[in-house]
Amino acid sequence: MREDFAEILRLVRPGSRVLDVGCEDGELLDLLTREKRVDGQGLEISPAGVSACLAKGLAVVQGDGDRDLDHFPTRAFDYAILSKTLQQMREPRHVLSELLRIADQAIVSVPNFGHWRMRMSLMARGRMPETRALPDPWWSTPNIHLCTLRDFTDLCRELDLRIDACAALTAGKSARPIRPEGLLENWRSESALFLLSRRTAEPTGVAPQNLFGDVELPKPAAPKPRRKR
């Protein structure tokens with residue numbers, strides 16, 4: 001199982017409404033349907049991908065994430081998932097904004113072009129890097145809008161999105177909880193998975209959760225004792 005799929009499976013609440021944008025052959029959607037009993041729907045541009053999803057009994061429509069997200073009703077889903085696909089979109093800013101219009105939360109994973117392997121490859125070879133996270137040569141890659149963690153967090157700030165949780169992903173290793181704004185993580189993280197919501201969204205009343213298992217959440221401050229008069 002892909003590392004980001006394993007973490008997405010942990011994040012999604014059982015029985016929730018899920019839209020998987022760019023679902024390909026439906027591997028993730030099928031996993032969520034079987035393991036979490038979600039009410040899932042996929043959006044996939046490839047006819048072959050749509051056929052593969054239908055063969056698995058999944059609800060999927062053929063469409064382009066750049067254009068067709070506009071047709072979904074507001075807050076129709078609990079989660080909108082975009083797994084290692086944002087960098088392939090023509091309008092990533094619009095797509096990210098639409099995800100948080102049609103769903104209460106978005107789960108987005110992106111490769112980090114600021115990873116140290118990328119930087120060293122560019123410096124040493126003077127060519128577009130080919131790594132585990134981005135294995136295709138420049139002339140055949142579907143990626144047209146690569147970004148660093150700093151680029152992504154800046155875009156979230158511009159769109160007034162809240163980063164509820166973030167984990168660094170490296171092939172063959174467990175997810176590592178991170179603070180994506182940190183300078184060091186922009187070097188260390190091969191790719192990252194984000195749980196996002198709108199800053200203007202109403203509080204859910206649910207206590208903070210340790211979403212990725214290892215990070216210590218800040219403890220609520222104890223109320224200050226009132227001074228006696």
Can you pull out every residue in region 157-182 that is modelled with pLDDT of 85 or more, out of contact with any strand residue (DSSP E or B) (no Cβ under 6 Å at 6 or more places or on another chain) and either among the charged types (D, E, K, R) or in a helix (DSSP H, G or I) (or both)? Arg157, Glu158, Asp160, Arg179, Glu181
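What do you reckon, is Pro142 farther than 28 Å from Arg67 by Cβ and modelled with pLDDT under 85?
no
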I'm trying to understand the selection: among the residues of region 48-76, which are among the small types (Gly, Ala, Ser) and free of Cβ contacts under 8 Å to residues at least 40 places away in the same chain? Ala48, Gly49, Ser51, Ala52, Ala55, Gly57, Ala59, Gly63
What is the number of the single condition among (1) over 24 Å from Gly26 (Cα atoms); (2) outside any strand (DSSP E or B); (3) modelled with pLDDT of 90 or more that Thr131 does not meet? (3)
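Within region 112-124, is there a residue that is closer than 22 Å to Ser97 by Cα and at pLDDT 85 or above?
Restricting attention to region 112-124, the residues satisfying the condition of being closer than 22 Å to Ser97 by Cα are 112-113.
Subset that is at pLDDT 85 or above: 112-113.
Checked region 112-124: at least one residue is closer than 22 Å to Ser97 by Cα and at pLDDT 85 or above.
Do we have Leu9 as closer than 21 Å to Val110 by Cα, touching a helix residue (DSSP H, G or I) at 6+ places or on another chain (Cβ under 9 Å), among the hydrophobic types (A, V, I, L, M, F, W, C) and modelled with pLDDT of 95 or more here?
Numbers: closer than 21 Å to Val110 by Cα: yes; touching a helix residue (DSSP H, G or I) at 6+ places or on another chain (Cβ under 9 Å): yes; among the hydrophobic types (A, V, I, L, M, F, W, C): yes; modelled with pLDDT of 95 or more: no.
Judged against the criteria, Leu9 is not a match.
Working only within region 61-95, note down all residues that are in a loop (DSSP other than H, G, I, E, B), surrounded by fewer than 17 Cβ atoms within 10 Å (Cβ to Cβ) and either at pLDDT below 90 or of a type in the set (D, E, K, R) (or both). Walk me through it before giving the result.
Filtering region 61-95 for residues in a loop (DSSP other than H, G, I, E, B) gives 63-64, 72-76, 84-85, 89-91.
Going one step further and asking which of them are surrounded by fewer than 17 Cβ atoms within 10 Å (Cβ to Cβ), we end up with 64, 73-76, 90-91.
Asp64, Arg75, Arg90, Glu91, listed by residue number.
Can Arg17 be described as modelled with pLDDT of 95 or more, among the charged types (D, E, K, R) and under 19 Å from Leu196 (Cβ atoms)?
For Arg17, the condition - modelled with pLDDT of 95 or more, among the charged types (D, E, K, R) and under 19 Å from Leu196 (Cβ atoms) - is met.
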Within region 1-51, how many residues are in contact with a Pro (Cβ under 9 Å, 6 or more places away or on another chain) and in a helix (DSSP H, G or I)? 2
Could you please find all residues in region 96-116 being of a type in the set (Ser, Thr, Tyr) and in a strand (DSSP E or B)? Ser109
Scan region 68-111 for residues that are of a type in the set (S, T, N, Q) and touching a Cys at 6+ places or on another chain (Cβ under 8 Å) and jot them down. Gln87
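Looking at the structure I just gave you, is Ala124 farther than 20 Å from Leu29 by Cα, more than 15 Å from the chain's Cα centre (by Cα) and not in a strand (DSSP E or B)? I'd like the intermediate steps shown before the answer.
On the way: farther than 20 Å from Leu29 by Cα: yes; more than 15 Å from the chain's Cα centre (by Cα): yes; not in a strand (DSSP E or B): yes.
Judged against the criteria, Ala124 is a match.
The values are calculated or read from the model by the stated rules, or taken from the named source; none is laboratory data. Note that the structure is predicted; figures quoted are calculated from it, not measured. Glycine gets a Cβ as well: all are built from the backbone with ideal geometry, and neighbour counts include every protein chain shown.
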